[in-house]
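Taking it in order: structure first as C-alpha cells, then the write-up.
Please treat every number below as a calculation from the coordinates, not as lab data. Please read these numbers as outputs of a predicted model, since none were measured by experiment. As a convention, Cβ positions derive from the backbone with ideal geometry for all residues, glycine included, and neighbour counts pool all protein chains shown.
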2 protein chains.
Amino acid sequence: MATIKDVAERVGVSVTTVSRVLNNRGYLSENLKRRVYEAMRELNYQPNELARSLFRKKSNIIGLIIPDISHPFFGEIARYVEYYAYKNKYKILLCNSQLNRSKEQEYLNMLKASQVDGIIMGSHTLDTKEFTKIDLPLVTLDRQLSESIPYVSADHYKGGVLAAKLLIRKGCRKIAHISGNLKLHLLAKTRYDGFMDTVIREKIPHVVVETDLNGFKYDQYGKIVENLFRDHPDIDGVFASSDVIAAQVLKECRRLGKEVPKDVKVVGFDGIKLGEYITPGLTTIRQPIKEIAKTSVQLLIDQINGKEVQRENILPVKLVEKETT
Amino acid sequence: MATIKDVAERVGVSVTTVSRVLNNRGYLSENLKRRVYEAMRELNYQPNELARSLFRKKSNIIGLIIPDISHPFFGEIARYVEYYAYKNKYKILLCNSQLNRSKEQEYLNMLKASQVDGIIMGSHTLDTKEFTKIDLPLVTLDRQLSESIPYVSADHYKGGVLAAKLLIRKGCRKIAHISGNLKLHLLAKTRYDGFMDTVIREKIPHVVVETDLNGFKYDQYGKIVENLFRDHPDIDGVFASSDVIAAQVLKECRRLGKEVPKDVKVVGFDGIKLGEYITPGLTTIRQPIKEIAKTSVQLLIDQINGKEVQRENILPVKLVEKETT
DNA sequence: CTGAAAGCGCTAACAC
DNA sequence: GTGTTAGCGCTTTCAG
C-alpha cells in the first residue's frame, strides 16, 4: 500500500508538502496541487486513517452497542444511526451484546481501546459504575445511567396510557399487558406505569405478565401467550410491549380460534416495519425511531465537540391504528 | 487517557518491559507481571489499538458492506457475521450502502483508508474494476465478482426449482414469479432460472414480474402485486423472491378477498424470522443464513492469514412448508 | 512558501 | 532479563 512518502518521492517534494495539500493547509500553487493529486491517483493512494487518528487523537468512529441487530427495532435504530453518523463523517463499530454481561463489558473495553470518539449504548446489563471507568462521550437509549449522561427515549409512559385508553375506548373489559423485564431500570418500564395508572383509574380488570426473556427469545412468547389465555380466558384486550410480541399474540389468537379484533383487540409497541407486513395490520404505539437515532448521534457529536448537551431527551410517541383494535 | 509510558513510570520500569508483559514475550518474573497488571488496573489503562494496529499493519477490523441493515435478511446476516467475527477477535465496521453507488464507493475507499483487514461485500452496485483498486481480502455474498474473489451464496437455482415444483404439486395452474432485479449479475438471479426451467419443463402457464426497486422500497410492492392480479386474475400460485415481498402478496390477497392457500398459494424466499411472525405461516425457501455468515467470515479470515480458499461456496437451501401452500 | 525533525502510542531489533 | 532506539504513517511546529 502506497504511503505519503511514496507520493512525495514521485512528485519530488517532501512529505510535509503532500500532507499540506492533503489537508489544504496554507498556500499551495494550483500546479503543485494538481501534480500531487495526480500522483495520488496513479499510486492509488489512500491516507492511512490509523496514523491520522493516532496523531489527532480522534478516530471518527462511533461505537454502537445494542442487544441484537437482527431484532427489527434495533435494526431500524442502527440503520438511522448509520445514516446520521455517515452524514457527519463518522463510522460505526457495531457491537451486538446479545444481552450478555461479559460480552457487553468486553465490547466496552474494546471500544475504549479502539479509541472510538464516543459510544451509543442501547444494551443495558451492566452497572453504572462500569461506565465511570470509560470516560468517553456517551449517550444511552432508554436508560438513565447517571446524573451526567444524556439519554434518549421515547415517551413510554404516554405510550402505555395511549394503549390502555384505546383498548378501554374500544370496549375491552379485561386487559392483559405483556411487559418486558421490569427489573432492569429501563425507561421502557414506564410503559407499564402508564398502562397501570390508566387501567386502575378507569377501574378496568387487568393482568400483567412480566417476561424476563431478555426480549429476544422470540419462540418462547408463544408459550407465554398460551398460558395467559388459559389462565384468563376472558381477556379481550392485549397490550404487548413490542410489535414482535404482538405478532406472537396474533398467531396464538388464531391458533386458539379467537378472532382479532372481534374477540380480542391487540396493541403493539415500537412501530417497526414488521407491523405493516403482517395481517391483520397491527395497531401500535409508534416510537420515533428515526428521530431517536438522529438525536442520539447529534448528542454524541455535540459532546465530542465539547458542547454542553441536554440530559433528558424524551421524544413523542404516536398511536397508529390499524386493524387489530 | 493513560499510556504505556504512564504504566512504566508508575512501576519503575521501561515501556519495553510493560509492552512485554502486555504481549507475554520472553521471561517475566511473576512478581513483575503482578506489579505491572496492578498499575494498569490502577490507571485504568487500555492499550491503544490504533498504535498497535499501525505498527502491526493489522487492525483486526472487518468491513461489512450491505444494502440495508434494517432489512430482515441482512439484519440476520449481520448478526451472525458479528457473532463469528467476535469469536475470532475481529470487530465489525458497519457500512449501509442503501444501494447507492457513490455511497458504496465511498465506503469502499473509507474501509481501505481505515486499514480494515478484509471486506465482506453484500451490496453490489459497483463494477468489477473498482475492486481491483482495493487489493484487500474480500468475500462477496451472492455475486461472482471475478475469477479470484471467493463468494458465498445459497443454492438459489435449487430454491427456484423447489418453489416451482411445490406450487405445481399443490395443483397450481398459473404461477407468477415476482423476481428481484435481473440485470444486476447476482446469483439470486438463478432463482429465476430454476423457476423458469421447471415451469417450462412441466408446461405450466406462468408470468414473471421483474422488480427493479432495488428490493428495498417495500411499500411499492403492494402496487406491483395489485397490477399483477388485475392483469392475471387467474393466478393461483405466487413465488416471491423474498419473504418480505411474500408478506406483501399475502396482504394484497387479503385485500382482494383471495383466500390463502385455497385460492392462491404463496412461497417466499429467505427464511427470515418474519415468516414465523406472520399469519398464515409463510411457506418459504430457507437460506442457511447462519452458515452463509460463518462461511464468509471464515473465508475472509483464511485469506487474511494467507491461506488459499475455495472460490465457489454454494450452500444448500431448504423448503419449509407452513400454511400458505 | 517549503522542508527537517519531533512526536502520537506502541513493538521489536539489538545491545548490555 | 531489561533498556535504548528506531520506526509504523501521519501532522505540525519551527527554521530557513
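See the values below:
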{"item": "Backbone N under 13 Å from the A:Val207 label point (7 Å along Cα→Cβ), restricted to region A:242-262", "result": "none"}
{"item": "Global form of the protein assembly as shown, assessed from the alpha-carbon gyration tensor, a/c cut-off 1.5", "result": "oblate"}
{"item": "0 to 90° range, to nearest 10: angle between helix A:189-201 axis and chain A longest Cα axis", "result": "30 degrees"}
{"item": "Cleavage-rule hits, chymotrypsin sites (Phe, Trp or Tyr not before Pro), region B:1-100, DSSP coil, Cβ neighbours within 10 Å at most 13", "result": "B:Tyr27"}
{"item": "For A:Cys253, B:Cys95, order by how many other beta-carbon atoms lie within 10 Å, fewest first", "result": "A:Cys253, B:Cys95"}
{"item": "Dimensions in Å of region A:4-47 - Rg and Dmax from alpha carbons", "result": "9.1, 25"}
{"item": "Global form of region A:66-159, assessed from the alpha-carbon gyration tensor, a/c cut-off 1.5", "result": "rounded"}
{"item": "Folded to 0 to 90 degrees: helix B:289-304 orientation relative to chain B principal axis, Cα", "result": "40 degrees"}
{"item": "DSSP-assigned coil residues among trypsin sites (Lys or Arg not before Pro) in region B:278-325, each with at most 11 further Cβ atoms within 10 Å", "result": "B:Lys307"}
{"item": "Chain A: Cα Rg divided by the 2.2 N^0.38 Å rule of thumb", "result": "1.27"}
{"item": "Residue order, fewest to most surrounding Cβ atoms within 10 angstrom, among B:Lys273, B:Lys133", "result": "B:Lys133, B:Lys273"}
{"item": "FRET efficiency for B:Phe55 and A:Tyr37, using Cβ-Cβ distance with R0 set to 30 Å, rounded to 0.05", "result": "0.55"}
{"item": "Assigned charges on the beta-carbon of Lys, Arg, Asp, Glu; region A:125-251 dipole about Cα centre (debye)", "result": "420 debye"}
{"item": "Estimated inter-spin distance, B:Ile134 and A:Ser29, nm [label 7 Å along Cα→Cβ]", "result": "3.9 nm"}
{"item": "Dipole of the protein assembly as shown, positive direction: furthest Cα of A:Tyr221, A:Leu50, A:Tyr90, with charges on the beta-carbon", "result": "A:Leu50"}
{"item": "Cα gyration tensor of region B:156-288 - equivalent ellipsoid semi-axes, whole Å, descending", "result": "19, 17, 15"}
{"item": "Shielding by other protein chains, A:188-199, mean Cβ within 10 Å", "result": "0"}
{"item": "Amide H within-cut-off set for B:Glu202, under 5 Å, with H built and near neighbours excluded", "result": "none"}
